[in-house]
Amino acid sequence: MEKSASTPVHLQLSPLTDKEFAGFQKLIYEWAGIHMNESKKALVSGRLMKRLRHYNISTFSDYLRIVKGSEFPEEKQIMINLLTTNETYFFREPKHFDWLRQKIRTRNTAEKFRLWSAASSSGQEAYTIAMVIAEEMGPHGWEILGSDISERALSVAINATYPIEQAAQIPERYLKRFCLKGVRESEGKFCIRPEILQNIRFFRVNLNEALPQNFGLFDVIFLRNVMIYFDRPTRQKVAEGLMHFLKPDGNLVIGHAESLHGITERLRAIKPTIYVARTNNFT
Ligand SMILES: C[S@@+](CC[C@H](N)C(=O)[O-])C[C@H]1O[C@@H](n2cnc3c(N)ncnc32)[C@H](O)[C@@H]1O
């Protein structure tokens with residue numbers, strides 16, 4: 001069939017070459033600390049192809065020039081959004097929340113209880129933490145900061161509205177108490193109640209760059225399922241950088257598939273994936 005003059009004509013895209021892939025590997029490592037091995041070539045090609053179409057260019061070399069150049073400064077963040085993996089869900093790795101509940105119950109201070117979800121993705125981790133705390137402590141006396149490098153994921157987090165299918169991840173009592181089922185235009189969705197939202201703020205933080213100086217100290221930092229994307233030097237830098245944000249008895253929590261073994265001597269495991277800062281050589 002012949003195309004009319006108004007039909008957009010898509011250029012034939014050239015496949016991603018090894019050299020071009022190396023260019024993207026270098027960029028995402030420099031910008032986000034993310035180490036992508038050769039097995040990620042198809043993923044990179046698949047996720048970035050739509051940007052070639054967007055600019056009506058046919059090679060990934062042209063796109064590399066755009067993303068590195070100054071003409072389209074927003075493209076860097078768009079590429080980061082596309083190349084990060086934001087998979088997450090409510091009540092992921094539930095043992096951490098059992099531990100958190102116990103930590104709250106054995107606290108003996110009136111100080112504000114502060115938590116940081118440092119790779120929060122689209123917010124499910126921060127809201128899970130919030131529901132557990134709110135059940136134990138009520139609406140006051142605590143706060144959560146959520147942060148991520150992906151602005152796309154953060155906008156979902158800030159919106160606090162999720163497809164109704166995800167409600168199945170949340171135990172019934174939390175769902176009833178802290179979530180609202182959407183009606184009319186929000187049919188098929190649910191959202192997080194204001195009493196939870198009032199205690200949570202989200203920010204863009206790149207863990208591979210200098211960390212914000214105005215975040216204060218935390219009782220717990222969740223750093224789950226992000227270190228798997230980093231190489232050893234980046235893991236070390238990130239773990240040791242976050243340590244400075246812990247209160248003296250504060251904890252760093254990592255994912256069950258992760259370990260800080262051999263990464264830093266400055267944190268001591270109190271459970272397999274839960275750490276506390278070492279105060280001296282004997283603890
Ligand atoms: C797989 S998700 C984990 C989400 C959540 N913590 C969990 O365990 O379910 C990993 C998140 O890390 C974020 N991320 C990757 N590199 C990052 C960096 N350098 N700084 C901040 N966040 C980063 C990604 O954008 C993504 O949202």
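Exactly one of these conditions fails for Val183: (1) hydrophobic (A, V, I, L, M, F, W, C); (2) at pLDDT below 95; (3) within 13 Å of the ligand (Cβ to nearest atom). Give me its number.
Going through (1) hydrophobic (A, V, I, L, M, F, W, C); (2) at pLDDT below 95; (3) within 13 Å of the ligand (Cβ to nearest atom) one by one, Val183 breaks only (3).
If I ask for residues that are over 22 Å from the mean Cα position of the chain (by Cα) and in contact (Cβ under 8 Å) with a residue 40 or more places away in the chain, which ones from the stretch 179-196 would you list?
Residue satisfying the conditions is Glu195 alone.
Given the residues Val238, Val276, Val253, which is the only one that is assigned to a strand (DSSP E or B) and within 16 Å of the ligand (Cβ to nearest atom)?
Values: Val238 fails: assigned to a strand (DSSP E or B); Val276 fails: within 16 Å of the ligand (Cβ to nearest atom).
Selected residue: Val253, the only one of Val238, Val276, Val253 that is assigned to a strand (DSSP E or B) and within 16 Å of the ligand (Cβ to nearest atom).
Do we find that Pro233 is more than 20 Å from the chain's Cα centre (by Cα), assigned by TED's automatic domain parsing to the domain that holds Ala130 and within 16 Å of the ligand (Cβ to nearest atom) in this structure?
no
Being of a type in the set (Lys, Arg) and within 14 Å of the ligand (Cβ to nearest atom) is the requirement here; does Lys76 meet it?
Yes, satisfied.
The values are calculated or read from the model by the stated rules, or taken from the named source; none is laboratory data. Keep in mind the model is a prediction, meaning the values are calculated, not measured. Virtual Cβ from ideal backbone geometry, glycine too; neighbours counted across all protein chains shown.
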